[in-house]
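Notes follow the structure.
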There are 2 protein chains.
Amino acid sequence: MQPLSQPTPPDFEARARILKALAHASRLLMVDELSRGERCVCELRELVGHDLSTVSKHLSVLKAAGIVEDDKRGKQVYYRLKVPCVLNFFHCLEGVLAGRK
Amino acid sequence: MQPLSQPTPPDFEARARILKALAHASRLLMVDELSRGERCVCELRELVGHDLSTVSKHLSVLKAAGIVEDDKRGKQVYYRLKVPCVLNFFHCLEGVLAGRK
DNA sequence: TCCACGCTTGGCCTTATAGCCAAGCATAAA
DNA sequence: TTTATGCTTGGCTATAAGGCCAAGCGTGGA
């Protein structure tokens, strides 16, 4: 899976990593939910309806990408959106969808 | 790889598909280039420095997602950005990058 | 102190992605 | 009509991603 040459500029690699983190329906669903306030993992789990371990891994992907941050309070871990601007992009996405009709 | 329940709303699936199409350094590089005008496959090939077949497949991913459109003129196939608003998002991405420091 | 709860991590399996090469196909030039 | 050019497609291999289960770990309540 290695290219034969010509590294793509690091900028694009970095951007791609962020987009990749967002590029999953469950993760988008959680980001959307987090746009309305912080949530604990168990709430997100209920939202996406997958195994807790799966949800936790999705969250760690978002966290590693710098999109969310977490914070442990008592027994629960709360996640919140670190970068609200991702939401703006969704309007653009709708445009793409509409354009394809 | 199938969930055990609860389908995520179709909206999120659709959005995720678009993000996934963008979530690759070579494809971002090409989108960036196309933001400055249409290009033939051979120009994009030179830009990303991969095998022609690889570039062609990347373009078909972008096309299937509705992000670019193509048009054959003579022996060449020209691609252009169908959805310029994707570029706006890049500013947001920079923000994420900066925020992670 | 010990158990229960909430979450994360490791392991495993299955499927999807990305790369190359080779073959195919369509158009233009010879 | 043949050949060359420009691109796409099929096939293959290697790696990454996404799901579950089971085990681990830390905190709070009994």
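The values are calculated or read from the model by the stated rules, or taken from the named source; none is laboratory data. Keep in mind that this is a model prediction, so the values were computed, not measured. Methodologically, a virtual Cβ is constructed for each residue, glycine included, from the backbone with ideal geometry; neighbour enumeration extends over all protein chains shown. Ligands, DNA and RNA are excluded from the accessible area calculation, which covers all protein heavy atoms including side chains. Shrake-Rupley method; radii C 1.70, N 1.55, O 1.52, S 1.80 Å.
Amide H contacts under 5 Å for A:VAL68: A:LYS63, A:LYS82, restricted to partners 5 or more places along the chain or on a different chain, H placed in the peptide plane at 1.01 Å from N. Among the protein heavy atoms, those of B:LYS82 account for about 80 Å² of accessible surface (1.4 Å probe, every chain in place). Here the label points at A:THR54 and A:ARG80, each 7 Å from Cα along the C-beta direction, are separated by 2.9 nm in the simple model.
Round to the nearest 0.05 the FRET efficiency obtained for A:GLU13 and A:SER35 when R0 = 25 Å and r is the Cβ-Cβ distance.
Numbers: r = 27 Å, r/R0 = 1.07.
It comes out at approximately 0.40.
Among B:LEU47, B:VAL86, B:GLY74, which residue has its Cα furthest toward the positive end of the charge dipole of the range B:11-100, with +1 on Lys/Arg Cβ and -1 on Asp/Glu Cβ? Value: B:GLY74. Does the range B:11-100 come out rounded, prolate or oblate by the C-alpha gyration tensor, with a ≥ b ≥ c the root eigenvalues, rounded set by a/c under 1.5 and, if not, prolate when a/b is larger than b/c and oblate if not? Prolate shape, in that a/c is at least 1.5 and a/b is the bigger ratio.
3J(HN,Hα) along the range B:64-79, derived from phi through the Karplus expression 6.51 cos²θ - 1.76 cosθ + 1.60 where θ = phi - 60°, amounts to 4, 7, x, 8, 10, 9, 10, 5, 8, 9, x, 8, 9, 10, 9, 10 Hz, with x in place of Gly and Pro.
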